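The values are calculated or read from the model by the stated rules, or taken from the named source; none is laboratory data. Just so we're clear, the structure is a prediction, and the values are computed from it rather than from any experiment. Please note: Cβ atoms are built from the backbone with ideal geometry, for glycine as well, and neighbour counts cover all protein chains shown.
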Amino acid sequence: MSGLYYEEFEVGMEFKHALTRTVTEMDNVMFCAMTHNPQPLHLDEEFAKQTEYGQRIVNSLFTLGLVIGVTVGETTLGTTLGNLGMTDIRFVNPVFHGDTIRVVTRIKEMRESKSRPTAGLVVFEHIGYNQRDQEIAYCVRTGLMRKRP
C-alpha cells in the first residue's frame, strides 16, 4: 500500500500495522558499528550479564528507527516531504535480541501548512510493542505531507 495524502488522514485514525519485525543480534551490532556507538551494554555480553537486564539490550536509536520505519508503507510512502520533528520519545521497556516488534500509529493532529499550499502537517503518535504486548517505545512525530495533486 502506498502512503496517504494529507487529505486522506483524519484525527483519531488508528493503524495497527501488519508488518512486524524480529530484531536480530546482527541488527544491533551493525547499527552500533554504523553509528560509532561502542556502548558495552549493546555489544559486550559479559558486561551486560552484570547489569539489571542480564543480557545485551538493543540500541534505542535502532528501536526508534524500526518503530517509525514499520509505519511508512501504510502512512507516508511516497507522500511525505519529510519529518519536521520528533518529540515525547521514550523507551518504556528494553528490546532484546529475538524480540518481535509491532507498531500502532494514531493521528493526533493535522493542520494546513502556512508556507506551502500543496502540503499539510500531520502529527503521528507511534507506539511499539514486543511479542509480550509490552510497550517498548513511544514517539510523537510531525510529518510534512503532500496534498493530492
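With the requirement that a residue be in contact with a helix residue (DSSP H, G or I) (Cβ under 9 Å, 6 or more places away or on another chain) and either of a type in the set (K, R) or loosely packed, with under 11 Cβ neighbours inside 10 Å (or both), what does segment 19-34 give you?
R21
Tell me, please, whether a residue that is surrounded by 13 or more Cβ atoms within 10 Å (Cβ to Cβ), of a type in the set (A, V, I, L, M, F, W, C) and closer than 29 Å to A18 by Cβ can be found in segment 106-117.
Yes: one or more hits.
For segment 110-143, enumerate the residues that are part of a strand (DSSP E or B) and of a type in the set (G, A, S).
A119, G120, G128, A137, G143 - these are the residues of segment 110-143 that are part of a strand (DSSP E or B) and of a type in the set (G, A, S).
Which of the residues belonging to segment 1-44 are free of Cβ contacts under 8 Å to residues at least 40 places away in the same chain and part of a strand (DSSP E or B)?
Of everything in segment 1-44, nothing turns out to be free of Cβ contacts under 8 Å to residues at least 40 places away in the same chain and part of a strand (DSSP E or B).
Looking for whichever is closer than 21 Å to N28 by Cα, crowded, with 20+ Cβ neighbours inside 10 Å and of a type in the set (K, R) here; the options are R56, R90. Which one fits?
On inspection, the qualifying residue turns out to be R56.
Which one of these is modelled with pLDDT of 95 or more and over 23 Å from K16 (Cβ atoms): G82, G98?
Numbers: G98 fails: over 23 Å from K16 (Cβ atoms).
None of the other options fit; the residue is G82.
Being among the hydrophobic types (A, V, I, L, M, F, W, C) and farther than 30 Å from A119 by Cα is the requirement here; does F47 meet it? Step through it out loud before you land on a result.
On the way: among the hydrophobic types (A, V, I, L, M, F, W, C): yes; farther than 30 Å from A119 by Cα: yes.
The answer is yes for F47.
State whether the residues of segment 94-109 include one that is assigned to a strand (DSSP E or B), free of Cβ contacts under 8 Å to residues at least 60 places away in the same chain and either more than 30 Å from Q55 (Cα to Cα) or touching a helix residue (DSSP H, G or I) at 6+ places or on another chain (Cβ under 9 Å) (or both).
The answer is no; no qualifying residue exists.
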